[in-house]
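Right, one structure below, let's go through it.
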Amino acid sequence: NANVVTNTMRQVMAKVPGIHIWESDGSGIQIGIAARGLSPNRSWEFNIRQNGYDISSDPFGYPEAYYTSQLQAVQRIQVVRGAGALQYGPQFGGMINFVLRDGSDIKKPFLFETQNTAGSFGLLNTYNAIGGETKKVNYYAFYDHRNANGWRQNSRYHTNTGFATVHYKINDKLKIGAEVMRWNMQSQQPGGLTDQQFSDDAQQSFRSRNWFNITWNTASVNMDYGFNTNTRLNVKIFTVAGDRNSIGYLKAINTPDSVNPATLQFDNRIVDIDKYNNIGAEVRYLTDYKINRLNSTLSAGLRYYHGNTERFKNGKGDTGSEYNNSVLSPFPTDLDLRSNNFSAFVENIFHVTDKLMLIPGLRYEHLNTTATGRLSFNNNGDENKIGDESRKRNFILYGISAEYHIAQTEFYGNYSQAYRPMLFSDLTASPTTDVIDKDLKDARGYNIDIGYRGKVKDFLFFDVSGYYLKYKNRIGLITQQNSDGSFYNFRTNVGTSNTKGIEALIEFNPVKAFVKNSNWGDIGFFISASQMDARYDNFKIVTKNGNSLEESNLKNKKVENAPSTNIRTGSTYSYKNLSLTAQLSYISKTFSDANNTIIPTANGQTGLIPSYTIGDISLSYKIKERYNIKGGINNIGNARYFTRRAGGYPGPGLLPADGRSFYISVGAKL
C-alpha cells in the first residue's frame, strides 16, 4: 500500500532495518538512501542497479544515482548486503536492484493497465502499460508522466518515463531478451533556508531561478542458457547514456538573489553540465553439484565496464528565470573523466551438514581511473589545466558467510570486505590551490554481521542481528603551508570511522496466531528498528589560524548523517478486497558535519538535524479484480522537519521535507 507514485521510500523500504533516507525532494525524483552510518547522498554507497545492471553515473568515479526506477513499474526490490553482495561489486552498502515488470506475471497474451493519480499541490500522474505472455514470448511496456507544483514555493517539476522489454524463448535451453528505457525530468529547485526562515515558514523559497534537468537512457540485451537442470549461464550487455544540467544562483541562502541596481538585471546564473556514456558486460555461471550427497552451488562471473564522463562547470549563464543551459562564454572547467574496470568473482555454497552452510566468496578488481582537461582560465586567459591524472590498481576482496539451521530458524554470521575507490573529484584538484597526495589510497574496510532469524508457524517472523563496520582511509582535505608562507589544500587520507549497531525486524499476525477462522478480516503488525553508534577514529584535521596551522582530531566525534535510532512500525488490515496500512517512522537527531556542530550557522548549512516522527496512511480497494481505488495521506500530522543541510547544490542551506499531502488513484486492468 505504499505511495509508489512519488517514490516515498520510507514506506517502500520500511521493512529493511536501519535504512536512512534523505527526504529533501518531495517529488521522489532524487532518492538518497544509506545504512550503517554511510552517506545517503544519491545512494552513492550502494551499488544501484535496474534489472541487474548499473544505472548510476559511474559506479567508481561518480557513483551518484540521478535516476531511480519508477516504483509503479517495479515488481520487487532486492537488497543484498554482506558477502553475497561481492558478486555485484565492492561497495560498503551492498547492492540494491530494482526489478521491473517484464510481463512474465501476466498469464495471458495481452493486458492493458492504467493507473491515474491526483493529489495535493497539483500532483497529476498517469501510468499506462501493456504486457503479456505466450508460450515463447513475454513482454511489457509502460509510459509514466508525473507533474506537480510541489509543497514548497518554486518547486514545480515534471517527469516522463518510457520503457519496453521483450523476452523470447528460443528453445528449452535458450532465452534471449532486450530492453530500453528513456527518462527525462525537469524540476525547479527552491534552494535552502536558514533555521529562522524554516521556523517562520518552511514552505517559503528565496530562489526562483534555480533549475535541474536530467535525461537518462538505458538499454540492455540478455541471454540465459541452461546447459542442463543444474547448470546455467547468463550474459548481459548494457549501456547508460545521460546528462545532468543545472543552472542557478548558488550563493549562501542569506545572500539575496535580487536585481542589481546598476544593471537593472539579476546576476548571471551558474551552469553545470555532465554527460555520461557508459557500457558494460557481465557473464554469470551457476552450477549445482553434490559433495557427499549434500547439495552445493558454485557461482562465478566476469565483468567489464567502461565509463566516460564529460564535465563542464562554472559556466556563465543568463540573467533570466526560466530553465536555460546555454552559456555566454566557454566553460572554465572542461574535463574528460574515464574509468575502466575488469572484475571476476567466485562464490560457493557448501552444505557441510544438513544444518550447517559455509559460503566463501572472492572478488578480483582491476580499476583504472583517468582525468584530463581544464579546471579554469587564469586572469590572462591561459588555461589552468590539471595534470593528466591516472590511477591504476588491482585488489582482491573476500568474504565468508555461515548459516546454522534449527527447524524454522537459523543463526548466521558474515564477514565481508568492502572498497570505495577515489572519485573523479579526488583527481581533479586545482593545481594553484590544491595538491593531491601522490600516495592517496582508496578507502577500504569491512562489514561483520551476526544474527538469528526465523519464523514461528505462519504468524511470526523475526530477524535480529548485530554488526560492525570499519571504514578506513577516508579521503579529505587538510590545510598545509608552503616554505614561502602561503597555504594550500592537501587532499589525502585523513582517517577512519567505526560503526556498530543492532538491527531488527519483527512481523506478527495475531489473527493467524489466535483465531482459526476470522470473519472480520486479517491484521498484521511489524516493527523495523536499528540502534547504532557511528564515530570517527583518529581523523586528522588541519586548519589555518592567521599565519599558522592548527591541528586537531575528530576522534570519537559522531559520523554525520548517522542517526542513532531508526524505528519504523506499522500495521496492515485487510478485509476481502480492502487493505489499509498505517505506518509510523521515528528518526533520532543527527549531525550535519563531522565537527558535530549543534548551534546552526547563519546560512543554515551546518548545525544539528533534530529528531522527527512521521505518520503515513494508505489504502487500496479492488473492484471485481479489474479495477482499483487507492489513496493515502503522507505526513498525516503535518510535521515540520528536515533531514539534510547542504553546502551547495541543491541548497545551499537547510532543506525542508514535505508537509502533509493527500493523493487518490484509480486504476484498471483490461
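The values are calculated or read from the model by the stated rules, or taken from the named source; none is laboratory data. Here the structure is a predicted model, which is why all the values come from computation and not from measurement. Note: ideal-geometry Cβ built from the backbone for every residue, glycine included; neighbour counts use all protein chains shown.
Residue pairs, Cβ under 7 Å, 6 or more apart or interchain, first in the stretch 253-273 and over 23 Å from Phe312 (Cα atoms), second among the small types (Gly, Ala, Ser). List them.
Partner pairs satisfying both residue conditions: Ile253/Gly191; Ile253/Gly192; Ile253/Gly604; Ile253/Gly651; Ile253/Gly653; Asn254/Ala602.
Regarding the stretch 127-144, can at least one residue be identified that is in contact with a Pro (Cβ under 7 Å, 6 or more places away or on another chain), without any contact (Cβ under 8 Å) to a residue 60 or more places away in the chain and either loosely packed, with under 14 Cβ neighbours inside 10 Å or within 30 Å of Leu367 (Cα to Cα) (or both)?
yes
Yes or no: the stretch 382-395 includes at least one residue that is of a type outside the set (Ser, Thr, Tyr), free of Cβ contacts under 8 Å to residues at least 40 places away in the same chain, in a loop (DSSP other than H, G, I, E, B) and farther than 27 Å from Ala300 by Cα.
yes
Does any residue of the stretch 510-533 turn out to be within 30 Å of Asn482 (Cα to Cα) and either touching a Cys at 6+ places or on another chain (Cβ under 9 Å) or touching a residue at least 40 places away in the same chain (Cβ under 8 Å) (or both)?
no
Can you confirm whether the stretch 185-204 contains a residue that is under 27 Å from the mean Cα position of the chain (by Cα), of a type outside the set (A, V, I, L, M, F, W, C), surrounded by fewer than 18 Cβ atoms within 10 Å (Cβ to Cβ) and in a strand (DSSP E or B)?
no
If you check Asn154, Asn160, which single one turns out to be modelled with pLDDT of 95 or more, touching a Ser or Thr at 6+ places or on another chain (Cβ under 7 Å) and farther than 30 Å from Arg232 by Cβ?
Among Asn154, Asn160, only Asn154 is modelled with pLDDT of 95 or more, touching a Ser or Thr at 6+ places or on another chain (Cβ under 7 Å) and farther than 30 Å from Arg232 by Cβ.
One residue is enough: does the stretch 409-420 have a residue meeting the conditions within 29 Å of Lys275 (Cβ to Cβ) and touching a strand residue (DSSP E or B) at 6+ places or on another chain (Cβ under 9 Å)?
Within the stretch 409-420, one or more residues are within 29 Å of Lys275 (Cβ to Cβ) and touching a strand residue (DSSP E or B) at 6+ places or on another chain (Cβ under 9 Å).
So which pairs qualify, if the first residue must be in the stretch 650-670 and over 24 Å from Gly32 (Cβ atoms) and in contact (Cβ under 8 Å) with a residue 60 or more places away in the chain, the second must be among the charged types (D, E, K, R) and assigned to a loop (DSSP other than H, G, I, E, B), the Cβ gap must be under 7 Å, and the two must be at least 6 apart or on different chains?
Correct list of pairs: Ala668/Arg626; Lys669/Arg626; Leu670/Arg626.
Output the strands (runs of 3 or more DSSP E) that fall wholly within the stretch 617-658 and possess 1 or more residues being polar (S, T, N, Q), closer than 17 Å to His20 by Cβ and out of contact with any helix residue (DSSP H, G or I) (no Cβ under 9 Å at 6 or more places or on another chain), or say none.
In the stretch 617-658, 642-646 are the strands (runs of 3 or more DSSP E) which contain 1 or more residues that are polar (S, T, N, Q), closer than 17 Å to His20 by Cβ and out of contact with any helix residue (DSSP H, G or I) (no Cβ under 9 Å at 6 or more places or on another chain).
If a residue has to be part of a helix (DSSP H, G or I) and farther than 15 Å from Phe98 by Cα to count, how many in the stretch 1-19 make the cut?
Count: 2.
Mind checking which residues of the stretch 483-532 are of a type in the set (Val, Ile, Thr) and within 17 Å of Ser564 (Cα to Cα)?
Thr499, Ile502, Ile527, listed by residue number.
For Asp439, work out the one condition from (1) in contact with a Phe, Trp or Tyr (Cβ under 9 Å, 6 or more places away or on another chain); (2) under 22 Å from Tyr62 (Cα atoms); (3) surrounded by fewer than 16 Cβ atoms within 10 Å (Cβ to Cβ) it doesn't fulfil.
The one condition Asp439 does not meet is (1).
Got a sec? Which of Gly631, Gly607, Gly651 is more than 21 Å from Asp200 (Cβ to Cβ), surrounded by 15 or more Cβ atoms within 10 Å (Cβ to Cβ) and out of contact with any His (no Cβ under 7 Å at 6 or more places or on another chain)?
Checking each option against the conditions leaves just Gly631.
Keeping to the stretch 16-37, report how many residues are of a type outside the set (Val, Ile, Thr) and within 11 Å of the chain's Cα centre (by Cα).
6
Of everything in the stretch 281-310, what is more than 24 Å from the chain's Cα centre (by Cα) and either closer than 19 Å to Phe60 by Cβ or not in a strand (DSSP E or B) (or both)? Give them in sequence order.
Answer for the stretch 281-310, where residues must be more than 24 Å from the chain's Cα centre (by Cα) and either closer than 19 Å to Phe60 by Cβ or not in a strand (DSSP E or B) (or both): Asn292, Arg293, Gly301, Leu302.
Within the stretch 477-535, work out how many residues are acidic (Asp, Glu) and over 25 Å from Gly570 (Cβ atoms).
Residues meeting the conditions: 2.
Applying the selection to the stretch 133-162, what residues are touching a Lys or Arg at 6+ places or on another chain (Cβ under 6 Å) and either more than 30 Å from Leu655 (Cα to Cα) or part of a strand (DSSP E or B) (or both)?
Of everything in the stretch 133-162, those that are touching a Lys or Arg at 6+ places or on another chain (Cβ under 6 Å) and either more than 30 Å from Leu655 (Cα to Cα) or part of a strand (DSSP E or B) (or both) turn out to be Lys136, Tyr140, Thr159, Gly162.
What are the residue pairs meeting all of these: first residue in the stretch 581-594, first residue charged (D, E, K, R), second residue part of a strand (DSSP E or B), Cβ atoms under 7 Å, and 6 or more apart or on different chains?
Hits for this filter: Lys589/Leu608; Lys589/Ile609.
Regarding the stretch 141-148, can at least one residue be identified that is in contact with a helix residue (DSSP H, G or I) (Cβ under 6 Å, 6 or more places away or on another chain), at pLDDT 95 or above and closer than 20 Å to Tyr323 by Cβ?
Within the stretch 141-148, one or more residues are in contact with a helix residue (DSSP H, G or I) (Cβ under 6 Å, 6 or more places away or on another chain), at pLDDT 95 or above and closer than 20 Å to Tyr323 by Cβ.
Looking only at the stretch 1-19, which residues are more than 17 Å from Leu580 (Cα to Cα) and of a type in the set (Ser, Thr, Tyr)?
Thr6, the sole residue that qualifies.
Within the stretch 622-640, restricting attention to residues that are free of Cβ contacts under 8 Å to residues at least 40 places away in the same chain and touching a strand residue (DSSP E or B) at 6+ places or on another chain (Cβ under 7 Å), which residue is nearest to Ala602 (Cα to Cα)?
Taking the candidates together, the pick is Ala639.
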